[in-house]
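Structure first, commentary second.
The values are calculated or read from the model by the stated rules, or taken from the named source; none is laboratory data. Just so we're clear, the structure is a prediction, and the values are computed from it rather than from any experiment. With ideal geometry, Cβ positions are generated from the backbone for all residues, glycine too; neighbour counts draw on all protein chains shown. Surface areas here come from the heavy atoms of the whole protein model, side chains and all, with no ligands, DNA or RNA. Shrake-Rupley method; radii C 1.70, N 1.55, O 1.52, S 1.80 Å.
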Amino acid sequence: MSTTVHTFMESPLGRLLLSGVLPGDGGPAGLATVTAPGQKYALAEPADDWVYDPEALAVPVAQLTEYFAGERTAFDLPLAPVGTEFRRRIWAALDEIPYGGTVTYGQLADLAGESPRAVRAVGGAVGANPLLIVRPCHRVLGANGALTGFAAGVDRKRWLLDLEGGTSLF
């Protein structure tokens, strides 16, 4: 049996809510969610059955702090997001986008082994990404290079891209 734990951290994007799953074997928590205030399709507050445990999520908080300070370009964390097989494939493809790089939704579909015609479904999966920042959905742009749909807001997307070195926007 596993336990869902949570903590909060202050960030340039506002107070982030992190949740993780503690496995029954006593291993480290797998990061399940990272959400920003006002983020679409995400819990704004912990669920009633989540346990407040900042120590269990100390490593993700430390890595996010390093990222925001410009000292980390990749995350090395156990992950435990919940989603359909299709969504998990799209989320895994997000991990292939390098720090400072961007792709279009069509290119992301290709990275995930999907048809370029699946861009709407890919966009839906990107929008449902439960691991904001850690799984870099902010690096996905519209076909014309526009900053489109980011569940935490386009201003935050622009901020993250600027942090990563003014990522080239076609």
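Anything in segment 57-83 that is in contact (Cβ under 8 Å) with a residue 12 or more places away in the chain and part of a loop (DSSP other than H, G, I, E, B)? List them, or say none.
Selection gives G70, T73, A74, F75, D76, L77, P78, A80, P81, V82, G83.
For segment 32-44, state whether one or more residues are open to solvent by less than 50 Å² (accessible area, probe 1.4 Å) and either over 13 Å from the mean Cα position of the chain (by Cα) or over 22 Å from G124 (Cβ atoms) (or both).
Quick first cut of segment 32-44, residues open to solvent by less than 50 Å² (accessible area, probe 1.4 Å) only: 32-36, 39, 42.
The next check asks that each one be either over 13 Å from the mean Cα position of the chain (by Cα) or over 22 Å from G124 (Cβ atoms) (or both); those that pass are none.
No: zero hits.
Tell me, yes or no, whether segment 114-134 has at least one residue that is open to solvent by 70 Å² or more (accessible area, probe 1.4 Å), assigned to a loop (DSSP other than H, G, I, E, B), of a type outside the set (D, E) and within 30 Å of P23 (Cα to Cα).
If we filter segment 114-134 for residues that are open to solvent by 70 Å² or more (accessible area, probe 1.4 Å), which is where we start, we get 116-117, 120.
Cutting the leftovers down to assigned to a loop (DSSP other than H, G, I, E, B) gives us none.
Scanning segment 114-134 turns up no residue that is open to solvent by 70 Å² or more (accessible area, probe 1.4 Å), assigned to a loop (DSSP other than H, G, I, E, B), of a type outside the set (D, E) and within 30 Å of P23 (Cα to Cα).
Out of the residues in segment 59-81 that are surrounded by 14 or more Cβ atoms within 10 Å (Cβ to Cβ) and of a type in the set (A, V, I, L, M), state the one that is nearest to G153 (Cα to Cα). Even if it seems obvious, please write down each step before you answer.
Our first condition is that a residue be surrounded by 14 or more Cβ atoms within 10 Å (Cβ to Cβ); within segment 59-81, this holds for 59-61, 63-65, 67-68, 72, 75, 77-81.
Next, from what is left, pick out any that are of a type in the set (A, V, I, L, M): 59, 61, 64, 77, 79-80.
Working: V59: 26, V61: 21, L64: 19, L77: 25, L79: 24, A80: 24 Å.
Taking the candidates together, the pick is L64.
Looking only at segment 46-81, which residues are in contact with a strand residue (DSSP E or B) (Cβ under 7 Å, 6 or more places away or on another chain) and within 23 Å of V126 (Cβ to Cβ)?
P60, L64, F68, L77, P78, L79, A80, P81
Could you grab me the full set of residues in segment 17-28 that are open to solvent by less than 10 Å² (accessible area, probe 1.4 Å) and under 14 Å from L77 (Cβ atoms)?
Hits for segment 17-28 are L18, S19, G20.
Residues in segment 85-95: is at least one aromatic (F, W, Y), open to solvent by 40 Å² or more (accessible area, probe 1.4 Å) and more than 30 Å from T3 (Cβ to Cβ)?
No: zero hits.
Considering each of T35, T4 in turn, give the residue that is of a type outside the set (F, W, Y) and in contact with an Asp or Glu (Cβ under 8 Å, 6 or more places away or on another chain). Let's see the steps before the verdict.
Working: T35 fails: in contact with an Asp or Glu (Cβ under 8 Å, 6 or more places away or on another chain).
Within the list T35, T4, the selection yields T4.
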